[in-house]
Amino acid sequence: MTGSDALMRGRRTDPPNPLSASTVDEFGACLRQLKKWAGDPSFGELGRRTGVPRSTLADALSARRARLPRLEVIQVVVRACGGDAGDLARWESGWRRVQERVDAAAVAGREPLGTTLPRQLPRGPTALIGRDQLVDRLGVLQRQHAARANRSMLVMLVGAAGVGKTALAVDFGHRVARNYPDGQLYADFCCATPAQMVTVDEVLPMFLETLGVPRATQPAGVAAQGSLFRSLTYSRRLLVLLDNVRDADHVRPLLTSGPSCATVVTSRDRLSGLVAREDGTRITVRPLDPPDAVDLIALMLQDRRGVQEPEAIFELARLCGYLPMALRTAAANLADRPDWPISAYVATLAASSHPDPAVPLGGAHRQGQAA
């Protein structure tokens, strides 16, 4: 049975054609027509069929909606109305055509979201080794939020310095960026020391300016700016990455509340306040398993030293505490000296009262020759 046959179910009229829509309003009208065509089930009935909250479904089909519903919501509505794979493909194609028009209009400056859409995520790692389970968990959280969104998604990646929280967050951001077409905002609070710390009253004005509010017209004070930020982002599909925050109070004014937004926070703090008061999901990032730590060094070296000195590379990984930042630093140092044995570097680190994988290999090489 074809897609149209599945939807027709013996009806005499044709189902609405989403490919005929060229605007958000027209697409929304098609979706409401589909509901009526399928017998006009109540939102309660659709909720029982799909597992999606009735409030989410009602919002998606609202005639007052100014933006396209999320694609995942469209898909569950089409299924609930009797659609099969062919119907789903047709509705997805129609959704993407309208979304492309919306995105093109925003880039052209016809949307009040600044002169360009924010794409602020830093470059991600070329290889994210040993994090498959965490990547999968983040993906599940994002998909669950997409299907059942009734408030902003909030995820906190917490753990020790150098454990790879930022790399994981940025990698995740790039993976899901297409689900947040209104842009991605990024701020690094650099809280290694109090002197380096970026404050909320520095970040909020930057975010507001990016969203199209000139600094001269912004309200004074964090409370008023935070309120404006939440208002501006409520109906948008934005991803916000807040990196290296100090604590919950440091980041709370920057949290979005819109159901189509997602915020990812990294911190050395446990951020219990965000778990308790904001219902955030906390994920603890731990050091790599020893085999993964060894693989990371070998991948960065791109030579045979890892194969030739297996015991030395395992010891180097141990001295680095299996922390990705230390492992990458040590591998970069070795890569600068392709003729230098890993064992010599390990011996230099082990001999130090404070082993540091960032020790310059030039100095280590001279010490080795002198010995």
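Figures for the structure shown
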| quantity | calculated |
| --- | --- |
| Of every Cα-Cα pair in segment 39-79, the percent that sits beyond 13 Å | 48 |
| Cβ-based charge dipole, the chain, positive-most Cα from LEU138, GLN308, THR329 | LEU138 |
| The chain: radius of gyration and largest Cα-Cα distance (Dmax), Å | 25.6, 92 |
| Modelled FRET efficiency - R0 51 Å, SER55 with ASP14, Cβ distances, 0.05 increments | 0.95 |
| Neighbourhood net charge (11 Å Cβ-Cβ; Lys/Arg +1, Asp/Glu -1) for SER267 | +2 |
| Helix 310-319 vs. the chain, principal-axis angle (Cα, 0 to 90°, nearest 10) | 80 |
| Peptide ranges 124-137, 64-77 listed from the most packed, as the mean C-beta count within 10 angstrom indicates | 64-77, 124-137 |
| Calculated log₁₀ intensity ratio I(q)/I(0) where the Debye formula runs over C-alpha points of segment 152-216, q = 0.14, 0.21 Å⁻¹ | -0.57, -1.13 |
| Förster radius 25 Å - calculated FRET efficiency between ARG178 and SER227 (Cβ-Cβ, nearest 0.05) | 0.25 |
| Surface share of carbon and sulfur [accessible, 1.4 angstrom probe, percent] for segment 135-179 | 48 |
| Solution diffusion estimate, µm²/s, Stokes-Einstein, segment 276-331, Kirkwood Rh from C-alpha pairs, 10 °C, viscosity 1.306 mPa s | 130 |
| Surface accessible to a 1.4 Å probe, per residue, for the residues of the chain, Å² | 49 |
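The values are calculated or read from the model by the stated rules, or taken from the named source; none is laboratory data. Keep in mind the model is a prediction, meaning the values are calculated, not measured. Positions of Cβ are backbone-derived with ideal geometry, glycine not excepted, and every protein chain shown enters the neighbour counts. The protein model used for the area step is the full one, side chains on, heavy atoms only, and it has no ligands, DNA or RNA in it. Shrake-Rupley method; radii C 1.70, N 1.55, O 1.52, S 1.80 Å.
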